[in-house]
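Worksheet: the structure to be examined is printed underneath.
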Amino acid sequence: MAVVTAGTPHASRLRRRISDNLLSYAFLSAGLLCFAFFSWYPLVRGVLLSFQQVNFVTDPYWVGLDNFRALFADPLFWTAWKNTLVFTGLALLLGYLVPLALAILLNELRHFSAFLRIAVYLPVMLPPIVVVLLWKYFYDPGSGLFNTLLRGAHLPESQWTQSSSTALLSLVLVSTWANLGGATLMYLAALQSVPGELYEAAELDGATLWQRLRHVTLPHLRFIMLVLLLLQVIATMQVFIEPYQLTGTTNPDTVTVMVLIYRYAFTVNNDFGLAAAASVLLFVVLGTFSAVYLRLTRRAD
């Protein structure tokens, strides 16, 4: 067995490697501590709370799986999941395809493209609460902009967020308008990297616009489309601001999982253990979906 002495070149390299690693971890320590304190600690704390009866007034005590049993017995829990899944489906239908179409359109424009890019991205720069209050005025059933336009066109007015048939769709429109700018610019950046020679060769071969889109554009956007699909599913499954501000926490037509968690913790039950249990279930669902999705996409690649 070889013994490493202090004067050997191997020992010198080992000391230098340890010194370099210690310096690297010293630079990373502040970021790692912040990440652990603000991300991992709340995650672990939330899991522990899900097995306790907690209201932050009396002393907490362990209840085991009672919080999860109470969730599954609550009809509003299943309603919230149904609304969340419907919202996610509608948001993907609009928020996933509309930014792609806008990016392709902006990429083809030769005039006013810079102005239009700013206009598309402008809603992203607004605070979410400002966006919601703006659309709250649009949806106002009395003097709101949309009903004013409908009256001017002699069309029947709508209750928008108050009607069970249009409430979720109204929330989806707000969310899509507020967030499509970021996805559009990412698609646009990916389009800039597509070699122009491919389009020229396709045109010389007589390819139509749809064929160029299908065989040239979409293959080059495949990676960013897969990433954005995952990110949008995770984001839309956690929608909170739009239903909370536009329809409140008591409307069963628009209550989502995040709104229900808020109800459990702050309005109806004042039970943070029950809210933590719902949060853990949401985390498990999103984590499982992400793992399966990444596995399937990696296999497809």
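The values are calculated or read from the model by the stated rules, or taken from the named source; none is laboratory data. The shown structure was predicted, so the numbers you read here are calculated from the model rather than taken from an experiment. For neighbour counting, all protein chains shown are included, and Cβ atoms are generated from backbone atoms with ideal geometry for every residue, glycine included. Accessible surface areas use protein heavy atoms only, side chains included; no ligands, DNA or RNA. Shrake-Rupley method; radii C 1.70, N 1.55, O 1.52, S 1.80 Å.
Which one of N107, N21 is part of a helix (DSSP H, G or I) and touching a Phe, Trp or Tyr at 6+ places or on another chain (Cβ under 9 Å)? I'd like the intermediate steps shown before the answer.
On the way: N21 fails: touching a Phe, Trp or Tyr at 6+ places or on another chain (Cβ under 9 Å).
The match here is N107.
In region 131-161, which residue that is assigned to a helix (DSSP H, G or I), without any contact (Cβ under 8 Å) to a residue 40 or more places away in the chain and open to solvent by 70 Å² or more (accessible area, probe 1.4 Å) is nearest to T84 (Cα to Cα)? Quick ask: steps written out before the conclusion?
Narrowing region 131-161 to residues assigned to a helix (DSSP H, G or I): 131-139, 145-152, 160-161.
So of that shortlist, the ones also without any contact (Cβ under 8 Å) to a residue 40 or more places away in the chain come out as 134, 137-138, 145-152, 160.
From what is left, the residues that are open to solvent by 70 Å² or more (accessible area, probe 1.4 Å) are 137, 149, 151.
Values: Y137: 24, L149: 30, R151: 32 Å.
Of everything passing the filter in region 131-161, Y137 is nearest to T84 (Cα to Cα).
Which condition number does A70 fail, the rest of (1) in contact with a Leu (Cβ under 7 Å, 6 or more places away or on another chain); (2) over 30 Å from D271 (Cβ atoms); (3) at pLDDT 85 or above being met?
(2)
Given the conditions (1) open to solvent by 60 Å² or more (accessible area, probe 1.4 Å); (2) of a type in the set (D, E, K, R); (3) within 30 Å of P127 (Cα to Cα), and given that R295 satisfies all but one, which numbered condition is not satisfied?
Unmet condition: (3).
Considering only residues that are open to solvent by less than 40 Å² (accessible area, probe 1.4 Å) and over 15 Å from the mean Cα position of the chain (by Cα), which ones fall in region 80-98?
If the condition is that a residue be open to solvent by less than 40 Å² (accessible area, probe 1.4 Å) and over 15 Å from the mean Cα position of the chain (by Cα), then A80, W81, N83 are the ones that fit.
Just to be sure I understand the filter: pairs with C-beta atoms under 6 Å, separated by 6 or more residues or on different chains, first member in region 100-123 and within 22 Å of T217 (Cα to Cα), second member in a helix (DSSP H, G or I) and aromatic (F, W, Y). Which pairs pass?
L100/Y187; A103/Y187
In this structure, does N67 turn out to be under 30 Å from I261 (Cα atoms) and part of a helix (DSSP H, G or I)?
Spelling it out, N67 is indeed under 30 Å from I261 (Cα atoms) and part of a helix (DSSP H, G or I).
Only residues in region 24-47 that are in a helix (DSSP H, G or I) count as the first member; pair them with residues that are at pLDDT below 85 and among the β-branched types (V, I, T), Cβ under 9 angstrom, at least 6 apart or cross-chain, and list the lot.
From residues that are in a helix (DSSP H, G or I), there are no pairs.
I need the full set of residues from region 107-117 which are over 22 Å from the mean Cα position of the chain (by Cα) and either open to solvent by 80 Å² or more (accessible area, probe 1.4 Å) or modelled with pLDDT of 85 or more (or both), in order please. Give the steps one after another, and end with the answer.
To start, the set of residues in region 107-117 that are over 22 Å from the mean Cα position of the chain (by Cα) comprises 107-116.
E108, R110, H111, F112, F115 - these are the residues of region 107-117 that are over 22 Å from the mean Cα position of the chain (by Cα) and either open to solvent by 80 Å² or more (accessible area, probe 1.4 Å) or modelled with pLDDT of 85 or more (or both).
Could you check I261 against (1) closer than 22 Å to I129 by Cα; (2) β-branched (V, I, T); (3) touching a residue at least 24 places away in the same chain (Cβ under 8 Å); (4) not in a loop (DSSP other than H, G, I, E, B) and say which number it fails?
For I261, the failing item is (3).
Of these, P128, P99, which one is of a type outside the set (D, E) and within 16 Å of A190 (Cα to Cα)? Don't jump to the end; show me each part of the working.
On the way: P128 fails: within 16 Å of A190 (Cα to Cα).
One residue alone meets the criteria, P99.
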